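J.: Below you will find the structure I want to go over with you.
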Amino acid sequence: MKKNIFLLSLFLLTTFVTAQNFTAKIIDATTNEAVPFASVQTAEYKGVISNEEGFFTINLEDLESNELKISCLGYASRTITSKAIMDNNYIIVLDEFIN
């Protein structure tokens, strides 16, 4: 009985801890390839950078608002809500921008 309670509490604890992170992928609109090293701004002075495969992970506690601002050299900047990212299967599409 104690073993079952321990396993249940361990499961609930890991679910709670992992529910605080948000992982998504940034891709190019025309080639569907990953956009490496894109800037993901979560607040005025907070954010992360995507890795070489286009993935990034943020802590949901860092979000001051529900929006993320994505920018990368050669692409149009985009502001998107976390709900829109979830609805799009955690994929963010950036359009090329040539100035």
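J.: If we count other beta carbons within 10 Å of each Cβ, what is the order of D62, D87, fewest first?
T.: D87, D62
J.: Would you mind ranking Y45, Y90 so that the residue whose beta carbon has the fewest other beta carbons within 10 Å leads the list?
T.: Y45, Y90
J.: Each label point is 7 Å from the Cα along the Cα-to-Cβ direction; what then is the distance between the points at E67 and T23, in nm?
T.: For the pair E67/T23, the computed spacing is 2.8 nm.
J.: A further question on this structure: Subtract the Cα-Cα distance of I98 and Y45 from 0.36 nm times their separation in residues, and report this length gain in nm to one decimal.
T.: Length difference between fully extended and current span is 16.4 nm.
J.: So how do K83, K69, K25 line up by other beta-carbon neighbours within 10 Å, fewest first?
T.: The fewest-first ordering by Cβ neighbours comes to K83, K69, K25.
J.: Right, here's the next one. How big, in percent, is the set of alpha carbon pairs in the range 21-94 lying more than 20 Å apart?
T.: For the range 21-94, the fraction of Cα-Cα distances above 20 Å is 18 percent.
The numbers here are math on the coordinates, done by the rules we state, and not lab data. These numbers were taken from a predicted model, which means no experiment stands behind them. Glycine also receives a Cβ, built like all others from the backbone with ideal geometry; neighbour counts cover every protein chain displayed.
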